[in-house]
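Student: I'd like to ask you about the structure that follows.
Readers should treat all values here as calculations from the given coordinates under stated rules, not as data from a laboratory. For clarity, every value in this text was computed on a predicted model and none was experimentally measured.
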């Protein structure tokens, strides 16, 4: 599949309406941070926060956000030779994971959706080599998360929405400020949970421990500082809260397979 346009955390004013009576010329993935009214399979519904949908090509598209809108989105086509695709030519990848166009999904890890779209956006605008192939893998990841959410709903496996929201908010803060110290005690207090309960919910939802997640967040940020912002290895380590540059180098290599210096080159 080929990305035509993409943005993560894209804002619009309260009251924003998008109305395409004849639909877009390509498929569109959208992740809405807030509740919206939208057209889904010929009826207008009110979504819950963090709804995801793949809008069909050449079918009416409509949605309205009463509050300030924030959303991730990307337009995509099947290949470079067919920039206009019809509803009958649903990408094979959607069928592979059972993703139905114009159906609303609620992936449990909405933050991962945004992080993935952000990485796709970076690939789209930089194109440092194999970007199309990597974006294809990212799209597969998003569709897998959507497919899993459908199975979880059918099996009755869920965590209370208010509890999930608390943990997600803490995780988002950690990702915004990875340079700070984030012991489980601090995160649990922010979520209003005991340490053991917070740890259990966090690992159950994100399939990773909070400490390991923080390491990955720091290394992802470090890659951006080194490659896009011209930071030196020492500057990146300091910016991300490492007391020892050698500790930073060890963690970076453990995650990426190369040292920060090798990555920067």
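Student: Using only Cα atoms, tell me the angle between helix 161-176 and the longest principal axis of the chain; keep it within 0 to 90° and round to the nearest 10.
Tutor: Tilt relative to the chain: about 60 degrees.
Student: Shifting gears a bit: Taking the 0 to 90 degree range and rounding to the nearest ten, how far is the long axis of helix 210-227 tilted relative to the main principal axis of the chain, both from C-alpha atoms?
Tutor: It works out to around 90 degrees.
Student: Relative contact order of segment 217-265, please, whole-number percent, based on alpha carbon pairs below 8 angstrom and at least 6 residues apart.
Tutor: Contact order relative to length: 36 percent.
Student: For segment 161-264, what are Rg and Dmax over the alpha carbons, in angstrom?
Tutor: 14.7, 43
Student: Over the alpha-carbon set of segment 26-76, divide Rg by the Kirkwood Rh and report the Rg/Rh ratio to two decimals.
Tutor: 0.93
Student: Right, here's the next one. On the first, second and third principal axes, largest extent first, how far apart are the outermost C-alpha atoms of segment 6-152 in Å?
Tutor: 41, 31, 31
Student: In degrees from 0 to 90, rounded to the nearest 10, what is the angle of the helix 245-256 Cα long axis to the longest principal axis of the chain?
Tutor: 40
Student: Further, regarding this structure: Mind sorting out which of (i) 21.1, 70; (ii) 19.8, 58; (iii) 16.6, 49 is the real Rg and Dmax of the Cα atoms in Å computed from the coordinates?
Tutor: The calculated read-out lines up with (ii).
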